[in-house]
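First the structure, in the form of structure tokens, and then the observations on it.
Each reported figure results from applying straightforward, stated rules to the coordinates on display, with no laboratory input. Since we're looking at a predicted model, the values are computed, not measured. With ideal geometry, Cβ positions are generated from the backbone for all residues, glycine too; neighbour counts draw on all protein chains shown.
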Amino acid sequence: MLKINQLYFQHQPHIPLLNGVDLTLNAGELVTILGANGRGKSTLLNCIAGLLTPQRGEIFLNNVEIKHLTSKQIARQVAYVSQHNRRNRRTNRPSRQVAYVSQHSPQTYQYKVLDYVVLGRAAHLGLFGKPSEEDYHLAEQALAQLGISHFADKIYMQMSGGEKQLVNLAKILVQQPQLILFDEPTSALDYGNVFKTLSLIKNLSHQQFSIIMTTHNPDHPMLLHDVIPNSKVAILNTQGKLHCGLTEDILTEDNLRELYQTDLRLIEVPELRRKICAITHI
């Protein structure tokens, strides 16, 4: 579904963020990427979404290199849930056609939730096309699937962060992508909504969406591994190298200590029947 070969990207000379990155993601697979701040996690997602052009390397979506795809063609296959308002770096304009959903959307329009969710169909419409009755039906189905049909007439910008998160996921379902990119989807959420979001990501994976998620919290991939046994985890290190594999092989104490430059331990919790990551002291 997604294949990345020897991807290189740098903003500044001699400081590579992505240094020969390779990644393969099949239909229905989940990969969680860990990495320090400013080390290229969001840059990698931007390259996959076509918002940044790497200096070298190849990115294939369904065996077609993305440099041969238009923004709209990418948007029909890829949804991007970001914590920031992304702009196309080549044009410095907001990325309207790439299927991008910001967690901190700057919109001033007073969209009702149903109308906002229908915007997910934009990549499937013509240049001057308007959403059809069928598009609105898909939006209603998505809200119902997430158990939030009662949000339909609420004003999107007046909702809480957790409610917006659910609405944005409905927008993704309406878009009908094959690949979903989550850039730190829990970063601005309270403790309860963090786990609601992880549960929703689990449900999307069970529906055979391919998913790449970035996070700073090593407990997230361990928790997801419990409910998605074939899920993978990757570490993007300070040299711009991506090491990807099974959770138990990648999330070792040595790897995590090197990544976070902190003395930490992986502790087996019998009641949970899994390990948790704990800092030994502060």
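Some points to look at:
- In order along the range 41-54, the Karplus-derived 3J(HN,Hα) couplings, from 6.51 cos²θ - 1.76 cosθ + 1.60 at θ = phi - 60°, round to 5, 5, 4, 4, 5, 4, 5, 5, 7, x, 8, 10, 9, x Hz, and Gly and Pro are given as x.
- Overall shape: oblate for the range 217-282, with the ratio a/c of the largest to smallest alpha carbon gyration tensor axis at 1.5 or above and b/c at least equal to a/b.
- Across the chain, C-alpha contacts under 8 Å between residues 6 or more apart give a mean separation that, scaled by the residue count, equals a relative contact order of 23 percent.
- Evaluating 6.51 cos²θ - 1.76 cosθ + 1.60 at θ = phi - 60° for every residue in the range 10-21, the Karplus couplings come out as 8, 7, 10, x, 6, 10, x, 8, 10, 10, x, 6 Hz, glycine and proline recorded as x.
- Each part gets one Cα centre, and for the range 1-65 versus the range 176-225 those centres are 19 Å apart.
- For the range 220-245, the residues whose backbone nitrogen is under 14 Å from a point 7 Å from the Cα of D22, taken along Cα to Cβ, are 241-245.
- Spatially close lysines, pair count over the chain: Cα under 12 Å, gap of eight or more or interchain: 4
- Sorting the segments 190-196, 139-145 by their residues' average number of neighbouring beta-carbon atoms within 10 angstrom, most packed first, yields 139-145, 190-196.
- Ordering of 230-236, 14-20 by packing is 230-236, 14-20, highest average first (other Cβ atoms within 10 Å, averaged per residue).
- Against the rule of thumb 2.2 N^0.38 Å, how large the Cα Rg of the chain comes out: 1.00
- Mean Cα-pair separation over length for the range 151-282, i.e. relative contact order, pairs under 8 Å, 6 or more apart, %: 15
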